[in-house]
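Just below is one structure, and these are the notes that go with it.
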Amino acid sequence: MTEPAPDREGIVARYIGVGCVTTVAGFFSGGMIAVLVGKFVGSTQGCRPPEGLPACNWWVYAGIGAILGAVTLPVVALRRLSRPRPDE
């Protein structure tokens, strides 16, 4: 016996929910990872950040990483979500 197909509105709502949550998560996680990369790059270049800051030019790394994370994490999650299940 096959299960009834879910309605289109339910699928769209699920995609929107997953997309919104992963965009926020990707924004912050991408920014934090990029600042860590910036810290490694700064120590390799011999840069000493000012007191209380994690790295030299951290805002550049955080901005680029946040944008990349906000785009890539939702794309990966939605592509994974839209794949058919192996049992289908």
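Read the figures in this text as sums done on the coordinates, not as results from a lab. Given the structure is predicted, the values throughout are model-derived calculations rather than measurements. Glycine also receives a Cβ, built like all others from the backbone with ideal geometry; neighbour counts cover every protein chain displayed.
Laid out as a table, the results:
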| read-out | value |
| --- | --- |
| Size descriptor, Kirkwood hydrodynamic radius, that averages inverse alpha-carbon separations across the chain, Å | 15.3 |
| Estimated distance in nm for a label pair at Glu9 and Ala25, the labels positioned 7 Å out from Cα along Cα-to-Cβ | 2.7 |
| With Cα atoms, 0 to 90° folded angle of helix 58-82 axis to the chain main axis | 20 |
| Top positive-direction residue, dipole computed over the chain with Cβ charges, set Pro86, Ile33, Gly17 | Ile33 |
| Net +/- balance of residues flanking Ile16 in space, Cβ distance below 15 Å, scoring K and R +1, D and E -1 | 0 |
| Leu53 versus Leu36: modelled label distance in nm, points set 7 Å from Cα along the beta carbon direction | 2.2 |
| Model label zone, Leu81; criterion: amide N under 20 Å from point 7 Å along Cα-to-beta-carbon; scope the stretch 7-51 | 7-30 |
| Farthest positive-ward along the chain dipole, Cα basis, beta-carbon charges - from Trp59, Val71, Pro49 | Pro49 |
